[in-house]
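S.K.: One structure, pasted below without further comment.
The values are calculated or read from the model by the stated rules, or taken from the named source; none is laboratory data. The structure displayed is predicted, hence computed values, not measured ones. Methodologically, a virtual Cβ is constructed for each residue, glycine included, from the backbone with ideal geometry; neighbour enumeration extends over all protein chains shown. The accessibility values were calculated without ligands, DNA or RNA, using every heavy atom of the protein model including side chains. Shrake-Rupley method; radii C 1.70, N 1.55, O 1.52, S 1.80 Å.
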Amino acid sequence: GAVLAREYFDDAEVRGLGDRIYTRIDGRGARDGGRTLRHGWTPERGFLASRWENYSELMGMYLLGLGAPTGALPTESWTAWSRRTVTVQGRHAFISCPPLFTHQFSHAWFDFRGVHDGMADYWENSVSATLAQREWCATQSGRFSRWSPELWGLTASDSASGYVAWGGPNKTVEKLDGTLVPCAPAGSLPFAPRECLDALRAMRSTGGPALWGRYGFADAFNPQTGWVARDVIAIDVGISLLMAENLRG
């Protein structure tokens, strides 16, 4: 966010503050003696136990670390995290991480089209993950009658019972209750424009005025029960706006 603000605003103070934040980050130290980054650090307890070591939204973090002007990560950090592949709905194997946001967030900031590191094509991987989820959601229509190839989309969101990091293809589905999440297809707009736009139009039509307000879509809704989230969550609106702009660009 600070780097984006530094690049966007034609303001010397903003640029200077962005540089100060970026150059203070000690990527090497954040590895805490390992090959991958720790999830975080607090003054009270030190480093968190978990590591960023499996494919997810982590790619942007590692790229920023590799390119940092000070305390840069060593190149081995890029190859240190795992890339576990699955095959879903007959699609070619793609790197799995079921919540759809994990396939979207790094792409909001970095253009992976035509880029290959010898291990994966991350753009095509996100295309496959998006389309596999669409097709998988359609197979759940026996359980949730309103779900279809036009009405689909799961990612972490609000629900009638609170925040849920919804699963998806190749994951257990006990948590599912019929909730759908607009920022799931919205965040994948560049990967599958037609399918995602169709889903967003179907969501707006199905959810009606309660789902669409001053800030666009509410965070989530359940077409089975009529429940609509009361909240608009900035991180979900944010990925929707960024990926809409990336599609336009």
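S.K.: Report the residue count in the stretch 200-224 for those that are touching a Leu at 6+ places or on another chain (Cβ under 7 Å), open to solvent by 20 Å² or more (accessible area, probe 1.4 Å) and part of a helix (DSSP H, G or I).
M.R.: Residues flagged as touching a Leu at 6+ places or on another chain (Cβ under 7 Å), open to solvent by 20 Å² or more (accessible area, probe 1.4 Å) and part of a helix (DSSP H, G or I) within the stretch 200-224 amount to 3.
S.K.: Going through the stretch 11-35 one residue at a time, which ones are touching a helix residue (DSSP H, G or I) at 6+ places or on another chain (Cβ under 9 Å), closer than 30 Å to THR79 by Cα, outside any loop (DSSP other than H, G, I, E, B) and open to solvent by less than 40 Å² (accessible area, probe 1.4 Å)?
M.R.: Within the stretch 11-35, GLY18, TYR22, GLY27, ALA30 meet the criteria.
S.K.: Kindly list, by first and then second residue, each pair from a residue in the stretch 5-32 that is of a type in the set (S, T, N, Q) to a residue that is open to solvent by 40 Å² or more (accessible area, probe 1.4 Å), limited to pairs with Cβ atoms under 6 Å and residues at least 6 apart or on different chains.
M.R.: Every condition considered, the pairs that remain are THR23/PRO69; THR23/THR70.
S.K.: So is GLY178 at positive phi and either outside any loop (DSSP other than H, G, I, E, B) or out of contact with any strand residue (DSSP E or B) (no Cβ under 8 Å at 6 or more places or on another chain) (or both) or not?
M.R.: Here the answer is no, as GLY178 does not meet what is asked.
S.K.: Which residues, taken from the stretch 36-76, are among the acidic types (Asp, Glu) and in a helix (DSSP H, G or I)?
M.R.: Passing the criteria: only GLU76.
S.K.: Would it be correct to say that HIS92 is open to solvent by 70 Å² or more (accessible area, probe 1.4 Å) and not polar (S, T, N, Q)?
M.R.: So HIS92 fits the description; yes.
S.K.: Check the stretch 56-67 and report whether any residue there is in contact with a Pro (Cβ under 7 Å, 6 or more places away or on another chain) and free of Cβ contacts under 8 Å to residues at least 60 places away in the same chain.
M.R.: No, the stretch 56-67 contains no residue that is in contact with a Pro (Cβ under 7 Å, 6 or more places away or on another chain) and free of Cβ contacts under 8 Å to residues at least 60 places away in the same chain.
S.K.: While we're here: Only one of these is within 27 Å of TYR62 (Cβ to Cβ), touching a residue at least 40 places away in the same chain (Cβ under 8 Å) and surrounded by fewer than 19 Cβ atoms within 10 Å (Cβ to Cβ): TRP109, TRP166. Name it.
M.R.: After applying the criteria, what remains is TRP109.
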